[in-house]
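Note sheet for the following structure.
Every number here is computed from the coordinates shown, using simple stated rules; none is lab data. All values derive from a computational prediction rather than experimental measurement. So basically every Cβ, Gly included, is an ideal-geometry build from the backbone, and we count neighbours across all protein chains shown.
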């Protein structure tokens, strides 16, 4: 058989393989693309349609960009969620013992009244014993976040920080609208006031 005849016999086989390759490529492309988005695009059967492929690549790029933007939005929302929940957990931790602290404050008041009365006593051992228990009790509460709301006679009255239980004539003009006496100490747990100091103001 001549070389020319061999080439003629091979040509149909080569063309068949080319067609099969094109069909395979087209099938792979079509399987990776959203068929709804590619409606109207032709499928090359006798050769690769460059314009159609470019359009398909463009669609894929747009789809990829949309998914990327969606991911970034979800990531940002998740980061905000983590920050918010971390802050809420911290606030919850700080105020978790608020009820028990409020229940123990009258005990602290009793210790302070007893301390004031014992100042008049000459029994040093008794005074030292009570003071030791009182200080240990307060230090325990303080270690859990309890703090005294600092207020002193002569401070300006602040309705956001103080609770005025009564007004009396100011002993001097410069004490008008200011705190004359502190009747009961106030306390806060973390940044939250759990009992406002009760004060007497001048008028």
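Before moving on, here are some points about what is shown:
- Stretch gain in nm, segment residue 155-residue 183, where the contour uses 0.36 nm per residue and the Cα spacing is subtracted: 8.7 nm
- Each residue, residue 116 and residue 55, gets one label point 7 Å from its Cα in the Cβ direction; the gap between the two is 9.1 nm.
- By DSSP, the beta bridges lying fully in segment 147-203 are antiparallel in about 65 percent of cases.
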